[in-house]
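What follows draws every value from the coordinates through simple rules; no lab data is involved. Predicted, not measured: the structure shown is a model, and the values here were computed from it. Cβ coordinates were reconstructed from backbone atoms using ideal geometry, including for glycine residues, and neighbour counts include every protein chain displayed.
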Amino acid sequence: MSRPRTSQTQRGLQAVLTSTFLLVGPTHLTAGPAQDAVIAALAAEAGVSGFSAQTGKAFFQASHSGGKPETPSCTTCHTSDPLAAGRTRVGKPIEPMAVSLSPNRFTDPEKLAKWFRRNCNSVLGRECTTTEQGDVLTYLSSL
Ligand code: HEC
């Protein structure tokens, strides 16, 4: 009786699944599959194997120039604590950014693109790069 041999394709698939797991697995433990998929898509677009939560944190917490003077930082509205609720310029509450508290965060690509465009233009006077987006989402999905 001969044992079935692992085919080339199966081995290829295993390699892809393993590397996908390594890419999105240990970096953001609180994220669910939807956030993982969004981050993996950004990584593919940027042509990188993963993002840095630390770089994302620095970017999110920093004061930037180039945008509107009244919104120098992501923390202007989201506060410096992603576990806390934020506030818009007109005082409307914003749910915490941390995925552990707001599990639906970053699961709707259209919403994500819309707000990245708007917020990055307010804060930086330009759109955020794919890498900046990936780093920020990796950071916020790890909390
Ligand atoms: C002028 C206020 C303001 C500033 C400044 C701001 N945001 Fe936001 N942001 C909002 C609002 C309002 C929403 C939409 C409401 C919500 O998602 O709860 C939002 C939503 C988002 C979302 C989408 C969240 C999701 O659930 O998909 C991301 C990502 C985001 N912001 C990132 C950033 C980053 C990164 C910066 C800094 C470059 C930033 N924001 C600066 C107000 C702001």
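Is region 71-87 home to any residue that is on the phi > 0 side of the Ramachandran plot and within 6 Å of the ligand (Cβ to nearest atom)?
Within region 71-87 (the criterion being on the phi > 0 side of the Ramachandran plot and within 6 Å of the ligand (Cβ to nearest atom)), the answer is no, since none of the residues qualifies.
Please find, among Thr79, Thr75, the residue that is among the hydroxyl-bearing types (Ser, Thr, Tyr) and farther than 19 Å from Glu132 by Cβ.
Residue meeting the stated conditions: Thr79.
Check region 96-110 and report whether any residue there is near the ligand (Cβ under 9 Å from one of its atoms), closer than 23 Å to Ser63 by Cβ and not in a loop (DSSP other than H, G, I, E, B).
no
Please go through region 50-70 and give me each residue that is among the aromatic types (Phe, Trp, Tyr) and either more than 8 Å from the ligand (Cβ to nearest atom) or within 18 Å of Thr30 (Cα to Cα) (or both), ordered by number.
The answer is Phe51, and nothing else.
When region 86-123 is examined, which residues are found to be in contact (Cβ under 8 Å) with a residue 60 or more places away in the chain and in contact with a Ser or Thr (Cβ under 8 Å, 6 or more places away or on another chain)?
Hits for region 86-123 are Ala98, Val99, Ser100, Arg105, Phe106.
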